[in-house]
Amino acid sequence: MYKSLCAKLDVAMEIISESLGKSWRKLGRKLGVTEVKLESIAQRHPTDLEETSMELLKEWRRSKGGEAQTHQLIQALRSCHFNMTADKLEDKLSALEH
């Protein structure tokens, strides 16, 4: 179960980081990442948005520990109106289960 969850989170992080672009801070706020952490992430990767998004998701995952789940990411994406990314993620996760 744990390995499967980790694999799903890895897939989710990859899909989201490829799609997020300049709106990474908005998702970060929905996931509860602090402004201080968001600023630190922005300073580490000022020009690479995909890497910035991946760092954001790693930070979220670290902060949640074992409670990090893909449905939380999907819910946050939808609340930010990133529905295409949420749909893409749901499709990919569904394909992993079959």
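Readers should treat all values here as calculations from the given coordinates under stated rules, not as data from a laboratory. Note that the structure is predicted; figures quoted are calculated from it, not measured.
Given the range 51-98 reduced to its alpha-carbon atoms as identical point scatterers, what log10 I(q)/I(0) does the Debye formula return at q = 0.15, 0.30, 0.31 Å⁻¹?
Each listed q maps to, in turn, -0.44, -1.12, -1.12.
Once you have the alpha carbon radius of gyration of the range 1-94, what is it after dividing by 2.2 N^0.38 Å, with N set to its residue count? Intermediate results must be reported in sequence, preceding the final value.
Values: Rg = 12.3 Å, N = 94, 2.2 N^0.38 = 12.4 Å.
That ratio works out to 0.99.
Cα convex hull of the range 1-45: how many Å³ per residue?
Numbers: hull volume 4.1 nm³, N = 45.
In the range 1-45, the Cα convex hull volume per residue is 92 Å³.
Given only helices, namely DSSP H runs of n ≥ 4 each adding -39500 (n - 2.57), what is the per-residue ellipticity at 222 nm of the chain, to the nearest 500 deg cm²/dmol? Could you put the intermediate results ahead of the total?
Working: 6 runs with 76 residues, N = 98.
Taking each H run of at least 4 residues, the total per residue is -24500 deg cm²/dmol.
Take the alpha-carbon centre of the range 56-85, take the same for the range 19-45, and report the distance between them in whole Å.
If we compute the Cα centre of each part, the gap is 12 Å.
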